[in-house]
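A.B. asks: I am attaching a structure below and will ask some questions about it afterwards.
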């Protein structure tokens, strides 16, 4: 559930989103995207949490920005992004960041 | 619930954690830390989600790394960090990252 990321540096994509109340089939698409992301070159890990308010935070980790951009451009992912805007998300923020420090506790 | 962060660049502190089953008084300390963080110089916003498995993701946003480090060094926060390691968290990962791109959807 917590990604054991490699040595620095690498890239984090922070996706914070609020689901619409009528977001049908969201789970199916979200699971498929996680499966697909794991197969991408440069994928380092993912952490994803959603609470009972429908607020979700997914952070995916990538070897570099090129790997994150390549994942953004995958056709099936682009279709999912479109569905996200049209049917799933009320609001979201997407941030791409360069990780510069990391610390682990408890045998992650 | 989703932070309307300012123009780039700024710093994200990504804290992913798994609560112990016996984490007493965690909510009280966590709420107090959110209150205290909001009062810190350079605080830009926070997004926090925890699910029914006890997995939590909190991303706080800061003007720069100095502001994030100053928050880390606040005495009451240091005491909370110690409690975290001794009583609250089974495991955690903490990452400090420089945000280089951002996009918003749906009137965040």
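A.B. asks: Tell me which residues, restricted to the stretch B:13-50, are surrounded by 15 or more Cβ atoms within 10 Å (Cβ to Cβ), within 22 Å of residue B:75 (Cβ to Cβ), without any contact (Cβ under 8 Å) to a residue 40 or more places away in the chain and out of contact with any helix residue (DSSP H, G or I) (no Cβ under 9 Å at 6 or more places or on another chain).
C.D. replies: Once the filter is applied, which keeps residues that are surrounded by 15 or more Cβ atoms within 10 Å (Cβ to Cβ), within 22 Å of residue B:75 (Cβ to Cβ), without any contact (Cβ under 8 Å) to a residue 40 or more places away in the chain and out of contact with any helix residue (DSSP H, G or I) (no Cβ under 9 Å at 6 or more places or on another chain), the stretch B:13-50 yields nothing.
A.B. asks: Then there is this: Is it the case, given these coordinates, that residue A:89 is closer than 21 Å to residue B:99 by Cβ, within 12 Å of another protein chain (Cβ to nearest Cβ) and free of Cβ contacts under 8 Å to residues at least 60 places away in the same chain?
C.D. replies: No; evaluated as a whole, the condition is false for this residue.
A.B. asks: All but one of (1) within 30 Å of residue A:62 (Cβ to Cβ); (2) part of a helix (DSSP H, G or I) hold for residue B:99; which doesn't?
C.D. replies: With (1) within 30 Å of residue A:62 (Cβ to Cβ); (2) part of a helix (DSSP H, G or I) applied to residue B:99, the lone miss is (2).
A.B. asks: Would you mind stating whether residue B:95 is touching a strand residue (DSSP E or B) at 6+ places or on another chain (Cβ under 6 Å), within 7 Å of chain A (Cβ to nearest Cβ), farther than 19 Å from residue A:108 by Cα and touching a residue at least 40 places away in the same chain (Cβ under 8 Å)?
C.D. replies: The answer is no for residue B:95.
A.B. asks: Would you call residue A:102 under 26 Å from residue B:9 (Cα atoms), more than 15 Å from the chain's Cα centre (by Cα), at pLDDT 95 or above and within 14 Å of chain B (Cβ to nearest Cβ)?
C.D. replies: yes
A.B. asks: Free of Cβ contacts under 8 Å to residues at least 24 places away in the same chain, in a helix (DSSP H, G or I) and within 25 Å of residue B:55 (Cβ to Cβ) - does that describe any residue in the stretch B:67-77?
C.D. replies: yes
A.B. asks: Hey, another quick one. So, of the residues in the stretch A:33-66 that are within 14 Å of another protein chain (Cβ to nearest Cβ) and assigned to a helix (DSSP H, G or I), which turns out to be nearest to residue B:46 (Cα to Cα)?
C.D. replies: My answer is A:65.
A.B. asks: Checking the condition in contact with a helix residue (DSSP H, G or I) (Cβ under 8 Å, 6 or more places away or on another chain), over 30 Å from residue A:19 (Cα atoms) and more than 8 Å from chain A (Cβ to nearest Cβ), which residue from B:80, B:75 passes?
C.D. replies: B:80
The values are calculated or read from the model by the stated rules, or taken from the named source; none is laboratory data. Being a predicted model, the structure only gives us computed values, none of them experimental. All Cβ positions, glycine included, derive from the backbone under ideal geometry; neighbour counts span all protein chains shown.
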